[in-house]
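**Student:** Sending over a structure as C-alpha cells; questions will come in a sec.
The values are calculated or read from the model by the stated rules, or taken from the named source; none is laboratory data. Please read all numbers here as calculations on a predicted model, not as lab measurements. Cβ coordinates were reconstructed from backbone atoms using ideal geometry, including for glycine residues, and neighbour counts include every protein chain displayed. Side chains included, ligands, DNA and RNA excluded: accessible areas come from the protein's heavy atoms. Shrake-Rupley method; radii C 1.70, N 1.55, O 1.52, S 1.80 Å.
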Amino acid sequence: MTKNTDRANALGKDFHYFEQHRAEWAHQHEGKFVLVVNEHEAGFYDDYESAYRAGVQQCGLSGRFLIKQAFAVEPIIGIY
C-alpha cells in the first residue's frame, strides 16, 4: 500500500469510530467539535479552529486526525 492509501484507510477508521459514537456525543456535547485521533476521542471543542490547533499539537502538521461536529443528524449546509 502507498502512504496515501494507508492514511485514507486510517481516516476511514476514525470516521467509522465517530459514526459509532455520534448519538452519544451529540447528546452529551451537541454542537461541539470532536477531535478523533487513532480511533479515540481526543477532545471536544467550541469551535473548529480550537479543535484543529489541538489536532496539530497532538499529531503535528503532517499528522492525521479527524474533526467532526457532534450533531445527531448531519446538517445540510447547501446543495448547488
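**Student:** For the chain, which whole-number percentage of the solvent-accessible area (1.4 Å probe, protein heavy atoms only) is attributable to carbon and sulfur atoms? Walk me through the numbers before you get to the answer.
**Tutor:** Working: 2980 of 5610 Å².
In the chain, the share of accessible area belonging to carbon and sulfur is 53 percent.
**Student:** Mind sorting out which of (i) 35, 25, 17; (ii) 38, 32, 17; (iii) 36, 28, 28 is the real Cα extents along the principal axes in Å computed from the coordinates?
**Tutor:** The calculated read-out lines up with (iii).
**Student:** Could you give the nm distance between label points at residue 7 and residue 64, where each point is 7 Å from its Cα heading toward the beta carbon?
**Tutor:** Taking the two extended label points, one gets 0.9 nm.
**Student:** Taking amide H atoms as placed 1.01 Å from N in the peptide plane, list the residues 5 or more away in sequence, or in a different chain, whose amide H sits under 5 Å from that of residue 69.
**Tutor:** Hits under the 5 Å cutoff: 34.
**Student:** Further, regarding this structure: Could you work out how far helix 3-29 tilts from the main Cα principal axis of the chain, as a 0 to 90 degree angle to the nearest 10?
**Tutor:** 20 degrees
**Student:** Which is the longest part of the chain that has none of the GluC sites (Glu not before Pro) sitting in a DSSP loop with at most 16 other Cβ atoms within 10 Å?
**Tutor:** Value returned for the longest uninterrupted segment is 40-80.
**Student:** For residue 75, what is the net charge nearby, where nearby means another residue's Cβ is under 12 Å from its Cβ and Lys, Arg count +1, Asp, Glu -1? Mind dumping the intermediate values first?
**Tutor:** Details: positive: 68; negative: 30, 74.
For residues surrounding residue 75, the net value is -1.
**Student:** What are the ³J(HN,Hα) values, in whole Hz, obtained from phi via the Karplus relation 6.51 cos²θ - 1.76 cosθ + 1.60 with θ = phi - 60°, for each residue of the range 73-80 in sequence order, with x given for Gly and Pro?
**Tutor:** 10, 4, x, 9, 7, x, 10, 10
**Student:** Under the 0.36 nm per residue contour assumption, what length would be gained going from the current alpha-carbon distance of residue 53 and residue 27 to full extension?
**Tutor:** 6.9 nm
**Student:** Something else now. List the relative contact order of the range 1-65 as a percent without decimals, with contacts defined as Cα pairs under 8 Å and 6+ residues apart. Please list the in-between numbers first.
**Tutor:** Values: 56 pairs, mean separation 18.5, N = 65.
This gives 28 percent for the range 1-65.
**Student:** Please list the non-local residues whose amide H lies under 5 Å from the amide H of residue 42, H modeled 1.01 Å from N, same-chain partners needing a gap of 5 or more.
**Tutor:** 35, 36, 37
**Student:** Against the longest principal axis of the chain, how steep is helix 48-59, in degrees 0 to 90 to the nearest 10, with axes from Cα atoms?
**Tutor:** With rounding to tens, the tilt is 30 degrees.
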